[in-house]
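A.B. asks: Structure provided below as C-alpha cells; questions to follow.
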Amino acid sequence: GLVASGGLATLFCTWLTGIQGIQNAQGFPLPYELAGVRVRVAGMDAPILAVADFGAYQQVNFQNPAQTFDNNPGPYSLEVIQ
C-alpha cells in the first residue's frame, strides 16, 4: 500500500539509466526532478529526496504528495518517468 499523504517512501527498480552513484536533493523545497527522474503518484508530481544507482538496481526516495488522499479514496497509480 501507499504511505500516508506527506509520508516518505522508497521505490526500487532495475531500469533507470544515467544515474551517477547517489544524487541527493540539495535543499528545500524538494525538487520534482532529480538526476532526470520524476515520480508521479495519482497523477501528481512527488518531491524527490534522492536517486541512487547501486549497479544491479536503482532506488528512488520520494515524498507522497500531501494532497494524495484529498477527495480521492484510490486506487492510485505510481509512475517513474525518465
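The values are calculated or read from the model by the stated rules, or taken from the named source; none is laboratory data. Model, not experiment: these values are computed from the prediction. Virtual Cβ from ideal backbone geometry, glycine too; neighbours counted across all protein chains shown. Only protein heavy atoms, including side chains, enter the accessible area calculation; ligands, DNA and RNA are left aside. Shrake-Rupley method; radii C 1.70, N 1.55, O 1.52, S 1.80 Å.
A.B. asks: Give the residues of region 31-60 that are more than 16 Å from Glu79 (Cβ to Cβ) and open to solvent by 30 Å² or more (accessible area, probe 1.4 Å), sorted by residue number.
C.D. replies: Those that are more than 16 Å from Glu79 (Cβ to Cβ) and open to solvent by 30 Å² or more (accessible area, probe 1.4 Å): Pro31, Ala35, Leu49, Asp53, Phe54, Gly55, Ala56, Tyr57, Gln59.
A.B. asks: Give region 1-30 a look and list any residue that's in contact with a Phe, Trp or Tyr (Cβ under 6 Å, 6 or more places away or on another chain) and open to solvent by 70 Å² or more (accessible area, probe 1.4 Å), or say none.
C.D. replies: The answer is Phe12, Thr14.
A.B. asks: Please state which one of Val51, Val80, Val39, Val60 is of a type in the set (A, V, I, L, M, F, W, C), in a strand (DSSP E or B), touching a strand residue (DSSP E or B) at 6+ places or on another chain (Cβ under 6 Å) and modelled with pLDDT under 95.
C.D. replies: When all the criteria are applied, what remains is Val80.
A.B. asks: Oh, and also: Report, by residue number, each residue of region 1-36 that is assigned to a loop (DSSP other than H, G, I, E, B) and under 18 Å from Thr68 (Cβ atoms). It would help to see each step written out before you state the result.
C.D. replies: Applying the first criterion (assigned to a loop (DSSP other than H, G, I, E, B)) to region 1-36 yields 1-7, 14-21, 25-33, 35-36.
Across region 1-36, the qualifying residues are Gly1, Leu2, Val3, Ala4, Ser5, Gly6, Gly7, Pro29, Leu30, Tyr32.
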